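Just below is one structure, and these are the notes that go with it.
Nothing in this text is a laboratory measurement; each read-out follows from the coordinates by a stated rule. Just so you know, these numbers come straight off a predicted model, no measurement behind them. Note that each Cβ is placed from the backbone with ideal geometry, even for glycine, and that neighbours are counted across all protein chains shown.
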Amino acid sequence: MGRSYARYDEVETTTATASYPLPWKNLVSMLSSKELRMETSRCAVFDAATVVGDRWTMLILREALHGKTHFDEFERGLGVATNVLSSRLKLLLGNDLLERRRSAGPGSRLTYHLTEKGRAFFPVYVALKSWADQWWPQSDRAGVRLYDVKTGEEIVAAALARADGSEIRCEDMVCKLCTSRSEALA
């Protein structure tokens, strides 16, 4: 059975004031549905998706996390066109996810390495990989498993949990529109 996908512009967005916590109630009633969508779409997830949401960018990060550092390794491993690879590498360099270094020795080449910000993407990659492995299992493709070099155990995404250890599910979440970055981080 084939998969069905909904394009973003085909998804209807509605505003249900009853589902928001009280701080939102006044804001929601003051804003039209279109204004609310515009206000809430510009968030950290929006900004991150602008950088890493492209298929090739995500796959370049995957290859970098797997230890690839050379342009030709990315090109061969992904089968991506050189112009696309160049533009995505520039995007990752410009957003401080990768840094470029010159390798030592004769015939030195430029290499690409994850920055601290790029390495911080690792848990996101593990979570995305675990989610994809669960929901799009492909028996006809070779899979990749991730292992901890210290313990030899498989690396899997951790479930979200409260301090008491109980699981947090998406139904347990409430969103609050913050008016400033400092409020969002508080």
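Counted by neighbouring Cβ atoms within 10 Å, the residues Tyr112, Tyr125 run from fewest to most as Tyr125, Tyr112. With 21 Å as the limit, write out which pairs from Lys117/Lys150; Lys68/Lys117; Lys68/Lys90 have Cα-Cα distances beyond it, or answer none. Result: Lys117/Lys150 exceed 21 Å.
Neighbour counts of other Cβ atoms within 10 Å put Cys175, Cys170, Cys43 in the fewest-to-most order Cys170, Cys175, Cys43. Relative contact order of the range 53-135: 27 percent, from C-alpha pairs under 8 Å at least 6 residues apart in sequence.
Calculated on C-alpha atoms, the gyration radius of the range 53-135 divided by its Kirkwood radius gives an Rg/Rh of 0.99. Remark: spin-label model distance Arg119-Asp148 equals 1.8 nm, labels positioned 7 Å along the Cα→Cβ axis. Between Ser87 and Val126, the distance separating the two model label sites (each 7 Å from Cα on the Cα→Cβ line) works out to 3.3 nm.
As a calculated quantity, the FRET efficiency between Asp96 and Cys170 at R0 = 41 Å, using C-beta atoms, amounts to about 0.85. Neighbour counts of C-beta atoms inside 10 Å place Arg169, Arg62 in the sequence Arg169, Arg62, starting with the fewest.
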